[in-house]
């Protein structure tokens, strides 16, 4: 089955059959299972479960005092599969719950909505209609990383508006050169200071053979503290708060073991901490802009797509 069929088939069957939900979409003959008919006014939990079924995980449902409903999609910018899965969920929101506005990280709020009219042509595609070559091409572009899930929905449907929720001034701030290298420098030097004589001899032998990457990986596995934090750094979904806590741990451990830090490591770590502070400010700005957008269009759910680093603070 084509990916475009996967994206649109879910919402199509939900829309047409009401009480039935598609369970298997990978085979030419879809399998269905009955579920209780949805109430006229579904709860937030019911909405979230229906939107995420088979392709997502509901991490949290928070009920406030206002009337607005905001769906926060936690994404990894480098995951093309993740973008397709989010596109499926956004399409369900569009077809079944009337979502028409999407807030997008990386686009400044003051820039106005994205102009996606270049992809719109009459007759406009509607849920339930046969998929045309246009939808196939746009789906292929989504799969290839030409754009993300939010832009995809705006390209498919002319009445979907993709608005920015970022702050242009904060988004323009970049980390100082060497900032992202600092945690690895700290881990390396902590490991060297903590090694047994036997491990140090093995590490030094790799250095003498100019097998520098192997020496680095050996150092990352020689000490339990270092190994655990090294694995944490590999997680591209690490939140700002967790990252700041990790930097604090690295500084404390380096002091404890008397690590001989490479030149510039301490300054680079401070630069990274300063940059993460700006990232935290971006999260706050996105919350404020998303709430304003939701209040302005409170008649239907609002969706926002943000990177995993912001999710904890935004939620």
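So the values come out like this:
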quantity	calculated
Search result, residues across the range 222-235 that are closer than 14 Å to residue 191 by Cα, in a helix (DSSP H, G or I) and touching a helix residue (DSSP H, G or I) at 6+ places or on another chain (Cβ under 7 Å)	222, 225, 226, 227, 229, 230
2 or more residues more than 21 Å from the chain's Cα centre (by Cα): qualifying helices (runs of 4 or more DSSP H) within the range 236-315	240-257, 265-296
Test set (1) under 24 Å from residue 285 (Cβ atoms); (2) surrounded by 14 or more Cβ atoms within 10 Å (Cβ to Cβ); (3) at pLDDT below 90 - residue 131 fails condition number	(1)
Odd one out for residue 189, checked against (1) part of a helix (DSSP H, G or I); (2) outside the structural domain of residue 266 (by TED's automatic domain parsing); (3) surrounded by 15 or more Cβ atoms within 10 Å (Cβ to Cβ); (4) touching a residue at least 12 places away in the same chain (Cβ under 8 Å)	(2)
Test: residue in the range 195-213 that is assigned to a helix (DSSP H, G or I), outside the structural domain of residue 79 (by TED's automatic domain parsing) and closer than 21 Å to residue 268 by Cα	no
Any hit, the range 230-239, residues being crowded, with 16+ Cβ neighbours inside 10 Å and more than 19 Å from residue 180 (Cβ to Cβ)	no
Residues (touching a strand residue (DSSP E or B) at 6+ places or on another chain (Cβ under 9 Å), farther than 14 Å from residue 84 by Cα, part of a loop (DSSP other than H, G, I, E, B) and touching a residue at least 60 places away in the same chain (Cβ under 8 Å)) located in the range 112-170	160, 167
Test: residue in the range 18-33 that is surrounded by 12 or more Cβ atoms within 10 Å (Cβ to Cβ), within 23 Å of the chain's Cα centre (by Cα) and at pLDDT below 80	no
From the options 219, 259, residue that is in contact (Cβ under 8 Å) with a residue 40 or more places away in the chain and at negative phi	259
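The values are calculated or read from the model by the stated rules, or taken from the named source; none is laboratory data. Quick caveat, the model's predicted, so the values are computed rather than measured. Every residue, glycine among them, receives a Cβ derived from its backbone with ideal geometry; neighbour counts consider all protein chains shown.
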